[in-house]
1. State all residues of region 415-430 that are within 17 Å of V324 (Cβ to Cβ) and not in a loop (DSSP other than H, G, I, E, B); if no residue qualifies, say none.
2. Go through region 344-381 and count every residue that is polar (S, T, N, Q) and at pLDDT below 85.
3. For H496, are the conditions met, namely being out of contact with any Lys or Arg (no Cβ under 7 Å at 6 or more places or on another chain) and at pLDDT 60 or above?
4. So, in region 379-434, exactly how many residues are of a type in the set (V, I, T) and without any contact (Cβ under 8 Å) to a residue 24 or more places away in the chain?
5. From (1) in contact with a helix residue (DSSP H, G or I) (Cβ under 6 Å, 6 or more places away or on another chain); (2) more than 16 Å from L257 (Cβ to Cβ); (3) acidic (D, E), pick out the condition that doesn't hold for E207.
6. Could you grab me the full set of residues in region 161-189 that are at positive phi and in contact (Cβ under 8 Å) with a residue 24 or more places away in the chain?
7. Looking at this structure, is G268 surrounded by fewer than 20 Cβ atoms within 10 Å (Cβ to Cβ) and touching a Pro at 6+ places or on another chain (Cβ under 6 Å)?
Amino acid sequence: MVAVFNKELLSWYLLTVKLRETVETGIAKSSPGSTPSRDLPLESTQQSQPTSELKSPSFSHLITINNGGENVEEEEGNRKESEWVISIREKLEQARHDHDAAAWAKLCIYRIPRSLREGNDSYKAFVPQIVSLGPYHHGQEHLRDMERHKWRALHRILKRTRQDVTLYLDSLQDLEEKARACYEGSISLSSYEFVEMLVLDGCFVLELFRGAAEGFKHLGYSRNDPVFAMRGVMHSIQRDMIMLENQIPLFVLDRLLGLQIGEPDQRGLVAKLALRFFDPLMPTDEPLMKRERDKLESSLGQSSTATTPFDPLTDQMGLHCLDVFRRSLLRRGPGPEPPPVLRSWMKWRLYSARVADKRRQQLIHCVTELNDAGVKFRKRKTDRFWDIKFENGVLWIPRLLIHDGTKSLFLNLIAFEQCHPESSNDITAYVIFMDNLINSPEDVGYLHHYDIIEHWMGSDAEVAELFHRLCQEVVYEINDSDLSRLSEEVNRYHNHRWNSWKATLKHNYFNNPWAIISVFAAIFLLFLTSAQSFYSVYAYYRPNP
């Protein structure tokens with residue numbers, strides 16, 4: 001905007017404006033009747049139009065004449081409009097890239113949704129505290145101490161294999177685009193920085209995996225090593241490495257391990273090593289070390305339709321270590337499921353609504369209420385902690401081990417199920433089922449009495465609070481789980497009055513031997529009293545002759 005107070009300058013300005021209008025009029029007359037083609041792009045159409053037609057009234061020139069002279073104010077409409085249009089086109093171009101289906105097809109490592117992060121007040125459950133893997137937390141101040149140990153691991157690998165680092169850099173540079181597509185949003189790291197990060201983090205992960213399986217001493221580390229030893233800080237490292245935001249794509253780890261052993265195209269070995277490494281985090285009472293770790297396969301369970309073994313560690317099924325760990329927990333075969341497109345729609349349509357109504361999430365009554373209604377609780381001897389059964393008034397629940405890493409583990413598993421449209425909701429369904437069973441410390445104590453829950457927490461109240469926090473802000477379809485149908489059976493049993501009456505009688509009068517003796521004594525006295533009354537009446541009407 002300019003202000004002109006000199007009449008001579010004002011005259012030159014008006015003359016310039018007049019000349020421009022004359023030129024534009026001449027251009028318009030040179031192509032009479034011409035109209036922009038509909039097939040031309042937006043840029044060509046706008047270039048063929050007169051400049052005066054492009055100007056918005058809000059950017060028009062304003063001329064104001066005051067009493068003491070002339071004050072001319074002009075907004076540079078063309079320049080501002082040009083910058084505005086360019087900005088809009090840049091946003092549309094970014095939207096086109098974001099809308100590209102190929103950009104979402106390989107996405108599997110997500111940022112934790114804000115609703116889960118803030119609703120659970122669980123910053124440490126989602127954010128690594130010792131080591132960063134991948135780009136999301138790369139370079140953060142509190143995680144830099146571990147960087148020198150990553151370089152130690154890479155140096156150890158190169159020395160042991162007698163290879164040059166360029167072999168790893170060149171190989172992973174071919175996978176850069178595929179690896180970037182696995183992460184949500186744009187990654188600010190340059191190509192060199194991103195590949196360096198993959199090599200450094202990936203080799204660090206593999207060194208931990210191989211050390212847990214083969215022994216760190218065998219790999220050349222001292223028994224007093226501060227990191228590469230199965231003690232001390234290792235538990236915290238395992239907890240960081242199982243977080244959703246702290247993952248490396250499985251195909252990257254497969255490539256790095258293949259280069260080390262001389263088989264670049266190998267698949268599946270990393271997944272088996274990962275399960276052995278994360279075995280201490282298993283929430284079951286039968287750890288992986290006691291099973292056949294080399295096979296790691298299972299049938300479809302009790303179903304008679306099981307014909308082929310199921311391996312949860314195939315390359316087609318594993319996305320990253322958290323996904324492999326989750327599939328090993330479920331160990332469920334490929335049963336009849338809806339098509340991927342329908343399954344994705346069924347899952348993502350939930351995000352258009354608010355968080356699921358807590359009343360609709362009340363799948364089952366709590367332990368205390370079910371116990372009052374006559375439902376018995378027994379431990380089921382299986383390592384499938386989610387495989388719950390209800391038969392003849394008895395709820396069979398596998399044993400669950402709760403430790404200081406259980407909260408972070410379950411929260412990240414739930415977050416992955418909430419974010420990934422191709423996954424099922426089995427872990428989410430189990431946690432919500434247990435949350436409904438446990439409403440108070442008394443419920444935890446009852447399950448602990450029957451050896452269903454074993455915890456290393458400070459008190460039963462902390463366990464009840466743990467399950468309560470796990471289920472906050474979780475979107476869940478109650479009809480999309482086997483446990484929802486089991487809950488209906490339990491609730492029908494609970495609502496049957498005869499079952500409640502039997503339970504009340506048992507709890508009040510048959511809960512200990514002395515109560516049983518008292519009941520039978522009362523019944524015997526009642527019988528004697530009735531007999532005495534009968535004979536008294538009988539003697540009155542039928543006296544002896």
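1. Result: A415, F416, E417, C419, D426, I427.
2. Residues that pass the stated criteria total 4.
3. yes
4. Keep residues of region 379-434 that are of a type in the set (V, I, T), which gives 382, 388, 394, 397, 402, 406, 414, 427-428, 431-432.
With the extra rule that they be without any contact (Cβ under 8 Å) to a residue 24 or more places away in the chain, the set shrinks to 382, 394.
Residues that pass the stated criteria total 2.
5. The single condition E207 does not satisfy is (2).
6. In the first step, residues of region 161-189 are kept if they are at positive phi; the result is 162, 185.
Within region 161-189, G185 is the sole residue that qualifies.
7. When the stated conditions are applied, G268 does not pass them.
Yes/no matrix, rows are residues, columns are (1) within 27 Å of R117 (Cβ to Cβ); (2) in contact with a Ser or Thr (Cβ under 8 Å, 6 or more places away or on another chain); (3) surrounded by fewer than 17 Cβ atoms within 10 Å (Cβ to Cβ); (4) at pLDDT 90 or above:
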{"site": "P398", "(1), (2), (3), (4)": "no, yes, no, yes"}
{"site": "G405", "(1), (2), (3), (4)": "yes, no, no, no"}
{"site": "L411", "(1), (2), (3), (4)": "yes, yes, no, yes"}
{"site": "S423", "(1), (2), (3), (4)": "yes, no, no, no"}
{"site": "W456", "(1), (2), (3), (4)": "yes, no, yes, no"}
{"site": "V475", "(1), (2), (3), (4)": "yes, no, no, no"}
{"site": "S487", "(1), (2), (3), (4)": "no, no, no, no"}
{"site": "R492", "(1), (2), (3), (4)": "no, no, yes, no"}
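The values are calculated or read from the model by the stated rules, or taken from the named source; none is laboratory data. Please read these numbers as outputs of a predicted model, since none were measured by experiment. Here Cβ is always computed from backbone atoms with ideal geometry, including for glycine, and neighbour counts include all displayed protein chains.
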